[in-house]
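Everything below concerns the one structure shown next.
The values are calculated or read from the model by the stated rules, or taken from the named source; none is laboratory data. If you're wondering where the values come from, they're calculated on a predicted model, not measured in any experiment. Glycine gets a Cβ as well: all are built from the backbone with ideal geometry, and neighbour counts include every protein chain shown. Just so you know, the surface numbers come from the protein's heavy atoms only, side chains and all, with ligands and any DNA or RNA stripped out. Shrake-Rupley method; radii C 1.70, N 1.55, O 1.52, S 1.80 Å.
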Amino acid sequence: QVRLVESGGGLVQAGDSLKLSCTTSGEMLNMGWWRQAPGKERDFVAAISWSGASTYYADSVKGRFTISKDGVKNSMYLQMNRLQPGDTAVYYCATATSFRTLIPPTDLGDMDWGQGTQVTVSS
């Protein structure tokens, strides 16, 4: 089973930027970011195909967040700009053999997950 490690979370103010990283121990497959706020379900944020040629974003982050990957470093990134208090959540890195699997509707059990990194945006 592939091991995913997220980093880069923290406490920022509304309007600030933050960049999350996810490093994988194995081959870089299709990868994505999901987030979970307290008391809420885990929600899709963004996904990127294994080649990097395809990306997909949730409407709530489109135009503010950018997903990317670096195959040499076995890492995926999420650049988050113009952060809002509503972006506060634990952000999880996920990987799947199919790009479609990363995008809802989907079964969360079909993905491998990291341990998550907390992002808190104050108003």
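What the table shows:
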item	result
Environment charge of P104, counting only residues whose C-beta is closer than 13 Å and scoring Lys/Arg +1, Asp/Glu -1	-2
K73 accessible area, assembled protein chains, probe 1.4 Å, Å²	130 Å²
Extent along principal axes [Cα atoms of region 1-53; Å; largest to smallest]	35, 24, 22
Probe 1.4 Å, protein heavy atoms only - accessible area per residue of region 15-123 in square angstrom	49 Å²
Two-decimal ratio, region 35-96, of alpha-carbon radius of gyration to 2.2 N^0.38 Å	1.15
Of all DSSP beta bridges in the chain, antiparallel share, percent nearest 5	90 percent
log₁₀ of I(q)/I(0) at q = 0.19 Å⁻¹ - the chain, Debye sum with one point per alpha carbon	-0.98
Whole-percent carbon and sulfur share, accessible surface of region 1-74, 1.4 Å	46 percent
